[in-house]
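The values are calculated or read from the model by the stated rules, or taken from the named source; none is laboratory data. No experiment lies behind these values; they were computed from the predicted model shown. Neighbour counts are summed over all protein chains in view; Cβ atoms, including those assigned to glycine, are modelled from backbone coordinates with ideal geometry. The accessibility values were calculated without ligands, DNA or RNA, using every heavy atom of the protein model including side chains. Shrake-Rupley method; radii C 1.70, N 1.55, O 1.52, S 1.80 Å.
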Amino acid sequence: MNVCQVNQRLVLASPQVDKFELLVLVHEVTHIFLGGNMQQLQQQALDISQSNSRGKYSTDQVSSSIRAEPLLVFLHIPKTGGTTLERILDRQYGRNRGLRVNSLKQLLEVQSVLNQSTTKFIKGHLNLSIIQDQCQGHLCQYLTLLRHPVDRVISYYYFMFSKPHLYNHYPLHQYIYTQKISLREYVMSELSTEAHNLQVTMLATEDQNLTPLESAQRHLRETFSAFGLLEYFDTSLLLCSHRFNWRVPLYAKENQTLARPLLQDVPREIIRVLEQKNSLDLEFYAYAEQLFQERLAQQLPASFAAELAQFRQMNNLYRQIYPYYALASQTKNYLLQQLRRS
């Protein structure tokens, strides 16, 4: 069965499709859309088996030939849908082909992978200025996601209350929770840079001739190969899919902030404070939204509306079968681990 046939079945399948059919579909989606085909999986197992017959299998033995294609660098701005996009990147390129960079120690590893064709992408909460310094002189493509600044800060604030098991890793989150710091107090304080023009801060670089806002706008326009907006997430994915030649970027939402008020339910006084503290981000987001719409009109085919509708129909079914996919993925990884050990 090829991609077109699976696509047809995904589109025609009823939401009431039985569990057996879902299991068949998840098998096909897993191996065609998300990870290649069964022949590739069998070849992977054969390679491992042959490698074990010659000696201990190690991923360190994989060839690190000189890079012949650009390295994708995803700048993950917190609470912009980035975790969902990271999972998509893992499936597009292979999780073991990516390098996560969220600490100084991990940042130091960047130089070691820049010329290795085995590493396809870098992801993490990275300021553009820092990662550009590390990647200077190397061929890279930059990607990021943006979000309306007021909604992003509200989401981040309530997210800090949703992961108590991580408080040992995030002292600020623990402090906000234990001291019962309100949203207004959080935004008015200097406790965190997360609440004040974070998007401009992360995308601007030092330039004596430009303000931080102008710098961020210039980079969005000239440095980034593509960018997306959370408010247009599906459209953003298809735009990236066209730009980077991805397979169908099916997804299930990850790391959502569920226990939070809707934007229209937040008191107007707090909204005004958020707008005041994020005035640069608001102007930047307005610029980004206009640029996004211009690129859509210029880069996508006339049939895009139909493509988007079809993608959403496919993805609705994928979300139903995602738990089965997760189980299949875990089983595959377990079997491959057993092969390596045998």
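So, TYR334, is that one open to solvent by 60 Å² or more (accessible area, probe 1.4 Å), modelled with pLDDT under 95, part of a helix (DSSP H, G or I) and of a type in the set (Phe, Trp, Tyr) or not? Criteria met by TYR334.
Picking from GLN276, GLN256, which residue would you name as being open to solvent by 70 Å² or more (accessible area, probe 1.4 Å) and part of a helix (DSSP H, G or I)?
On the way: GLN256 fails: part of a helix (DSSP H, G or I).
GLN276 is the lone residue from the list that is open to solvent by 70 Å² or more (accessible area, probe 1.4 Å) and part of a helix (DSSP H, G or I).
Those residues that are among the β-branched types (Val, Ile, Thr), open to solvent by less than 40 Å² (accessible area, probe 1.4 Å) and out of contact with any Ser or Thr (no Cβ under 8 Å at 6 or more places or on another chain), I need them from the range 107-143; list them, please.
Restricting attention to the range 107-143, the residues satisfying the condition of being among the β-branched types (Val, Ile, Thr) are 110, 113, 118-119, 122, 130-131.
Keeping just the survivors that are open to solvent by less than 40 Å² (accessible area, probe 1.4 Å) gives 110, 113, 118-119, 122, 131.
The answer is VAL110, THR119, ILE122, ILE131.
Take ARG268 and tell me if it is buried (at least 19 other Cβ atoms within 10 Å of the Cβ), among the charged types (D, E, K, R), more than 18 Å from the chain's Cα centre (by Cα) and at pLDDT below 95. No.
Do we find a residue being more than 25 Å from VAL266 (Cβ to Cβ) and open to solvent by less than 20 Å² (accessible area, probe 1.4 Å) anywhere in the range 144-163?
First pass over the range 144-163, keeping only residues more than 25 Å from VAL266 (Cβ to Cβ): 144.
In the following step, the residues that additionally are open to solvent by less than 20 Å² (accessible area, probe 1.4 Å) were identified as 144.
Among the residues of the range 144-163, at least one is more than 25 Å from VAL266 (Cβ to Cβ) and open to solvent by less than 20 Å² (accessible area, probe 1.4 Å), which makes the answer yes.
Apart from one condition, SER241 fits all of (1) in contact with a helix residue (DSSP H, G or I) (Cβ under 8 Å, 6 or more places away or on another chain); (2) under 24 Å from LEU71 (Cβ atoms); (3) polar (S, T, N, Q); (4) buried (at least 18 other Cβ atoms within 10 Å of the Cβ); the exception is (1). Note on the range 198-218: among residues that are surrounded by fewer than 21 Cβ atoms within 10 Å (Cβ to Cβ) and in contact with a helix residue (DSSP H, G or I) (Cβ under 6 Å, 6 or more places away or on another chain), the one that is farthest from THR84 (Cα to Cα) is ASP207.
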